[in-house]
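Asks: This is the structure I want to talk about, given as C-alpha cells.
The values are calculated or read from the model by the stated rules, or taken from the named source; none is laboratory data. This one's a predicted model, so the numbers in the text were calculated from it and none came from an experiment. Note: ideal-geometry Cβ built from the backbone for every residue, glycine included; neighbour counts use all protein chains shown. Keep in mind that these areas ignore ligands, DNA and RNA; they rest on the heavy atoms of the full protein, side chains included. Shrake-Rupley method; radii C 1.70, N 1.55, O 1.52, S 1.80 Å.
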Amino acid sequence: MEQELETAIGNRIRKLRIEKGLTLDDLANASGVSRAMISRIERAEASPTASLLARVCAALELSLSAFFADEGQEVSPLARRHEQQVWRDPETGYVRRSVSPPGTSSEVDIVDVEFRADARISFPPHAASHGMTQHVWVFEGEMEMTTGETVHRLFPGDCLFMPVGEGHAFHNPTSKPARYCVVLNRSRR
C-alpha cells in the first residue's frame, strides 16, 4: 500500500510538471528541492516529507489538498469521511486528512491533522506560497507554532492566523498526540 502511494505521488508530480511544461531543473529551481530528489520521487525511489512535498506543490501552484485530490473523482460539494484522502508523512508520522471536497472552485482547503507527541515539522520561506494564509485551530493537545521569530503556544480551542509563504514550524512539545485543523486560503492577496 505504501509503495502504491509513493508511485501515485511520483506519477502525479511528473504529470503536473509536464503539463506545466517544466523540466526537472525548472521545478527544482522553483521549489528549492534538488533535481535529483524530484527525479527519485517521480520514480518512486524516495518518499517526500511533508515539507518537501509542500514546496514542490507550491511551485506547481497547488496546495497539498489539491495535489492529493483524486483526479478521476466526480466533483461533488460533499466529501464523505471515508472518501477523504489521508496521507502520513514518512518523516514525522503526522497524518493529514483532506477534508475539503476536491475539485471545487473554492480557494480554501480544510485539513484535519493528527500530530504525534514531540514531533516537529518546518516549512521554510518559499516565494511560491507568498500571499497564501492559513488558520490553525487546535482541537486536542497542545501545539507550538513558530512564525518568523514569534512562537505561539496553542491549546484546545485556540486558533492562529498566519501567512504561509514566510515560513513556519509546527511542534508538539508534549508527550501526547495533538489534533488540529488547518484552513488554508490559496488565494494570493
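Asks: Only residues that are open to solvent by 20 Å² or more (accessible area, probe 1.4 Å) and either hydrophobic (A, V, I, L, M, F, W, C) or in a loop (DSSP other than H, G, I, E, B) (or both): list them for the stretch 166-189, please.
Replies: Passing the criteria: Glu166, Pro173, Thr174, Ser175, Lys176, Pro177, Val183, Leu184, Arg186, Ser187, Arg188, Arg189.
Asks: Just a yes or no: is a residue in the stretch 118-130 among the polar types (S, T, N, Q), closer than 29 Å to Asn29 by Cα, surrounded by fewer than 18 Cβ atoms within 10 Å (Cβ to Cβ) and touching a strand residue (DSSP E or B) at 6+ places or on another chain (Cβ under 6 Å)?
Replies: yes
Asks: Among (1) under 18 Å from Phe123 (Cα atoms); (2) within 18 Å of the chain's Cα centre (by Cα); (3) without any contact (Cβ under 8 Å) to a residue 60 or more places away in the chain, where does Ser34 come up short?
Replies: That leaves (2) as the condition not met.
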